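Attaching a single structure in structure tokens format; questions to follow.
The values are calculated or read from the model by the stated rules, or taken from the named source; none is laboratory data. What you are looking at is a predicted structure, and each value in this text was computed from that prediction instead of being measured. Please note: Cβ atoms are built from the backbone with ideal geometry, for glycine as well, and neighbour counts cover all protein chains shown. Each accessible area value is taken on the protein alone, full model and side chains, heavy atoms only, with ligands, DNA and RNA left out. Shrake-Rupley method; radii C 1.70, N 1.55, O 1.52, S 1.80 Å.
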Amino acid sequence: MDETVDLLRLAGYAFSPISQTDTIVAYFIENGIYNVMKIDLVLFDYGLEPLS
């Protein structure tokens, strides 16, 4: 997760603690799940825009 936060910072981005999408994506990264389709399904379940 530290590497992800560093990469986002270098690109001028950051996870927002109030963003549901960011919270869900961070959860998947922290748990070593990098399958975008799985993440998209969870985002869809919450009524959020998919990553892909």
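What does the charge add up to near Arg9, with Lys and Arg as +1, Asp and Glu as -1, over the other residues with Cβ less than 13 Å from its Cβ? All intermediate terms of the calculation are to be shown ahead of the outcome.
Working: positive: none; negative: Asp2, Glu3, Asp6.
Here the charged neighbours net out to -3.
To the nearest whole percent, what portion of all C-alpha pairs in the chain is separated by more than 18 angstrom?
30 percent
Return one whole number: the accessible area per residue of the chain in Å², for a 1.4 Å probe.
On a per-residue basis, 80 Å².
Measure off 7 Å from each Cα along the Cα-to-Cβ vector at Ile18 and Ile33, then give the distance between these two points in nanometres to one decimal.
According to this spin-label approximation, the distance is 2.7 nm.
Do the sum for the chain: with -39,500 (n - 2.57) for every DSSP H run of n ≥ 4, divided by all residues, what is the mean residue ellipticity at 222 nm, to the nearest 500 deg cm²/dmol?
For the chain, the value works out to -17000 deg cm²/dmol.
Please give the FRET efficiency for Glu3 paired with Phe44, using the beta carbon to beta carbon distance and R0 = 22 Å, rounded to the nearest 0.05.
It comes to 0.25.
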